[in-house]
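Down below is the structure, laid out as structure tokens.
The values are calculated or read from the model by the stated rules, or taken from the named source; none is laboratory data. Keep in mind the model is a prediction, meaning the values are calculated, not measured. Because the Cβ atoms are built from the backbone with ideal geometry, glycine has one as well, and the counts that use them run over all protein chains shown. Ligands, DNA and RNA are excluded from the accessible area calculation, which covers all protein heavy atoms including side chains. Shrake-Rupley method; radii C 1.70, N 1.55, O 1.52, S 1.80 Å.
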Amino acid sequence: MCNLYSHTRNVEAMRRLFAGFDVAAQIVPQPGIFPDYAAPVIRNEGGTPTLALTRWGLPSPVFALEGKKTDPGVTNVRNTKSPHWRRWLGIQNRCLVPFTSFSEFNKAEGGDIWFAFGEDRPTAFFAGIWTPQWTSVRKLKEGPVSSDLYAFLTTDPNAEVQAIHPKAMPVILTTPEACETWMTAPWEYASALQRPLPDGALRIVARGVKQDGSK
């Protein structure tokens, strides 16, 4: 599953796909976004889509926490029929997660394999969900903290991703119409967006590089 991605474009690059949002956080290039990092998301908040820094990893299901002292969070959500996730599928908990490339790990193919829509790595969005001010122990050294949290949906992989990671790929939105549907439509319509990209839509832009671009 995708547990590493990058976002290196500015606010205006996001507005080409989804124009109508307020900005509540300073955006800087993030070539490596890992689980539990804070990253920008455009989230439905109080009736107004707002760009805000949010911590990656939604609360884990109760069964996954048995015998554990911390909850680092769940980064990718696949089973949208689960009661645990259904509570966050409504419009008020939807968000757009901007990215310019994402990585799937495959040791045999060279390690981190980076996918994008081209060498210029234009902005697109993962279809995300979020929840405000969830209190949990993310790390023992932090103790209980209250954080805004997000994750994004996954689905079956298309041909390019399947060759590297056969189980899943992120749900990706590439048009203004799809972004608008995700942020405003009832779940019975928005759920149709949980599908793989067409084959040929992505390309591999790097192999075996770390988040800072080094080997």
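May I ask you to give the solvent-accessible area per residue for the stretch 41-151, in square angstrom, as obtained with a 1.4 angstrom probe?
Per-residue value: 44 Å².
Do you know the Lys pair count in the chain for C-alpha distances under 19 Å, with sequence separation 8 or more or different chains?
Step by step, the pairs that qualify in the chain add up to 8.
Work out, step by step, the length gained on full extension between T135 and A185: first 0.36 nm times the residue separation, then minus their alpha carbon distance; give nm to one decimal.
15.1 nm
How many nm separate the modelled label positions at Q92 and F105, each set 7 Å beyond the Cα in the direction of the Cβ?
Calculated label separation equals 3.7 nm.
Within the chain, what whole-number % of the accessible surface is contributed by carbon and sulfur, with the 1.4 Å probe and all protein chains included in the calculation?
C and S fraction of accessible area: 53 percent.
Rank W187, P132, H165 by how far each Cα sits towards the positive end of the charge dipole of the stretch 127-215 (+1 on Lys, Arg Cβ; -1 on Asp, Glu Cβ) and give me just the farthest.
Working it through, the farthest residue towards the positive pole turns out to be H165.
Could you order the peptides 127-134, 57-64 from most to least packed, using the average number of other C-beta atoms within 10 Å per residue?
Result, highest mean Cβ count within 10 Å first: 127-134, 57-64.
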